[in-house]
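Rule-based calculations on the coordinates, nothing more; no lab input. Treat the numbers as computed from the prediction; the structure is a model and nothing was measured. So basically every Cβ, Gly included, is an ideal-geometry build from the backbone, and we count neighbours across all protein chains shown.
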Amino acid sequence: MTAQSVAGREASVRLPARFAERRADSAYADAPLLIYWEPTQSCKLACIHCRATALPRRDPGELSTDEAKGLLRQISSFDGRPRPHLVITGGDPLMRPDLFDLEPIRKLPC
């Protein structure tokens with residue numbers, strides 16, 4: 001028996017049986033529950049409480065419109081239950097001029 005299998009066995013023994021059963025049935029193995037996406041680091045503010053490193057203009061390394069659409073398509077294709085929550089954060093997401101052109105965002109329920 002390897003050290004890894006012993007550690008895994010010890011962890012499963014410590015878990016309440018009910019939790020272990022729920023974990024096995026969880027959709028987390030198939031899809032994440034929370035997704036945080038920073039479509040841009042650009043922000044005109046410099047709030048001292050903000051953990052983001054704001055830039056006065058868009059970073060050239062940001063996803064292109066097509067790349068962002070692809071990312072959102074991948075997120076919307078998760079069919080786990082519950083479906084993952086998408087949190088759009090940043091910078092200021094509204095500094096991205098194509099934000100509302102990203103089709104999956106236009107389809108999000110309000």
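Values for this structure:
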item	result
Amide H within-cut-off set for Leu55, under 5 Å, with H built and near neighbours excluded	Ser42, Cys43
Relative contact order (%) - region 31-106, alpha-carbon pairs under 8 angstrom, separation at least six	49
Virtual spin-label span in nm between Leu34 and Thr53, 7 Å along Cα→Cβ	2.3
Cβ-based exposure ranking for Cys50, Cys43, in which fewest neighbours within 10 Å come first	Cys50, Cys43
